[in-house]
Amino acid sequence: MPQNTPMKRQFTTIDGRTVMSNLPQHWGGNDWKITGVDNPLPVGNYVQTQAGVWIPQKGSDDGAADVRLTGNNVVELITPRGIFKETKWGLVDVPDFAKGVIAVYVIRGVTGTFSSGEGFYTQTRYNSNGVSLPIGLQSELSTSPSLFVHVISQSVNLIDNSKVGIAGELRVTSMPLPKRMEFNLRVQGGIFGDDEGIDGEVFVEWIV
C-alpha cells in the first residue's frame, strides 16, 4: 500500500551539507515509480463540453463506451485513444432525442512515412441497414496532428461556432439525422514501424 511503502528519495550535497528530497513519482501498484520521460504520469481520455469544461471519459468493465450528460447534451466516446495503422470506425445508433451531433476527431500525433497522396482523413457518414451512404462530412487528406470537428444538425444555428476554438478543421452542415451513423478515422497508404501510426480518438456530443 502507498502509505506503508517509503517513497524514492534523493540525497544532494549543497554547501557541504547533505539535503534529502523526494523524487517525482507515482504509485505503480506495488511500489513507487519514478516519473519521467520513460515512465510518464498515467492519463485518461478527456473531452471538452460546449461550456469549456474538460471531463474524463470512462468505459464499463466489458469495454462498452460510457455515455454521460454534460448540461443538456450527451457526450459519448466512440473510439478510445490508441495508435492505429489502418482505418478505425464506429457504428452508432442515433439517440431518439438527438437534434444534431458534434463529432470530434482528436489526432494527437502522427508517425510513419507517407508518400504523395497518402495520409489519413476523418469521415462522418450516414448508415442504412449496414450500407454506408455518401452523405455526411469528410476532411481533407492530412499527415499532421490536429483537431477535426464535424457538426451535423437540423439547424446549424444550434451551434455557436465561436466556442469551438479548434486548431484544425471545422465543417458544418444542416440535414436530418439518420437512425445510424459512422464515425471513421481512415488511413490511406503509409508505412509504419512497430510503434508508429496515428495517435487518435473520437467522441461525439449529441445535441438535445
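Taking the residues in the range 87-111 that are of a type in the set (D, E, K, R) and touching a residue at least 24 places away in the same chain (Cβ under 8 Å) as candidates, determine which candidate is surrounded by the fewest Cβ atoms within 10 Å (Cβ to Cβ). Break it down into steps so the answer makes sense when it comes.
Filtering the range 87-111 for residues of a type in the set (D, E, K, R) gives 88, 93, 96, 99, 108.
Retained after the next criterion (residues that are touching a residue at least 24 places away in the same chain (Cβ under 8 Å)): 88, 93, 99, 108.
Values: Lys88: 20, Asp93: 10, Lys99: 15, Arg108: 13.
Looking at residues that are of a type in the set (D, E, K, R) and touching a residue at least 24 places away in the same chain (Cβ under 8 Å), I get Asp93.
Suppose we filter the range 127-139 for residues that are under 19 Å from the mean Cα position of the chain (by Cα) and either in a loop (DSSP other than H, G, I, E, B) or more than 13 Å from Leu170 (Cα to Cα) (or both); how many remain?
Selection size over the range 127-139: 1.
Return the only residue of Ile159, Ile191 being of a type in the set (A, V, I, L, M), modelled with pLDDT under 90 and touching a Ser or Thr at 6+ places or on another chain (Cβ under 7 Å). Don't jump to the end; show me each part of the working.
Numbers: Ile191 fails: modelled with pLDDT under 90.
Matching residue, one of Ile159, Ile191: Ile159.
In the range 112-126, what count of residues is obtained for those that are surrounded by 15 or more Cβ atoms within 10 Å (Cβ to Cβ) and assigned to a loop (DSSP other than H, G, I, E, B)?
Number satisfying all stated conditions: 3.
Where residues in the range 139-156 are under 15 Å from Gly100 (Cβ atoms) and not hydroxyl-bearing (Ser, Thr, Tyr), which of them is modelled with the lowest pLDDT?
Val156
For the range 163-171, indicate whether the set of residues that are over 16 Å from the mean Cα position of the chain (by Cα), part of a helix (DSSP H, G or I) and either surrounded by fewer than 18 Cβ atoms within 10 Å (Cβ to Cβ) or modelled with pLDDT of 85 or more (or both) is non-empty.
Yes, the range 163-171 contains a residue that is over 16 Å from the mean Cα position of the chain (by Cα), part of a helix (DSSP H, G or I) and either surrounded by fewer than 18 Cβ atoms within 10 Å (Cβ to Cβ) or modelled with pLDDT of 85 or more (or both).
Of all residues being more than 28 Å from Asp194 (Cα to Cα) and part of a strand (DSSP E or B) in the range 85-111, which is nearest to the chain's Cα centre (by Cα)? Just the residue, please.
Only one residue fits best here, namely Ala103.
Could you list, in sequence order, all residues of the range 173-208 that are without any contact (Cβ under 8 Å) to a residue 24 or more places away in the chain and either surrounded by 14 or more Cβ atoms within 10 Å (Cβ to Cβ) or not in a loop (DSSP other than H, G, I, E, B) (or both)?
Start the filter on the range 173-208 by keeping residues that are without any contact (Cβ under 8 Å) to a residue 24 or more places away in the chain, which leaves 174, 176, 194.
Passing the criteria: only Ser174.
The values are calculated or read from the model by the stated rules, or taken from the named source; none is laboratory data. A quick note: this is a predicted structure, and the numbers were derived from the prediction, not measured. For neighbour counting, all protein chains shown are included, and Cβ atoms are generated from backbone atoms with ideal geometry for every residue, glycine included.
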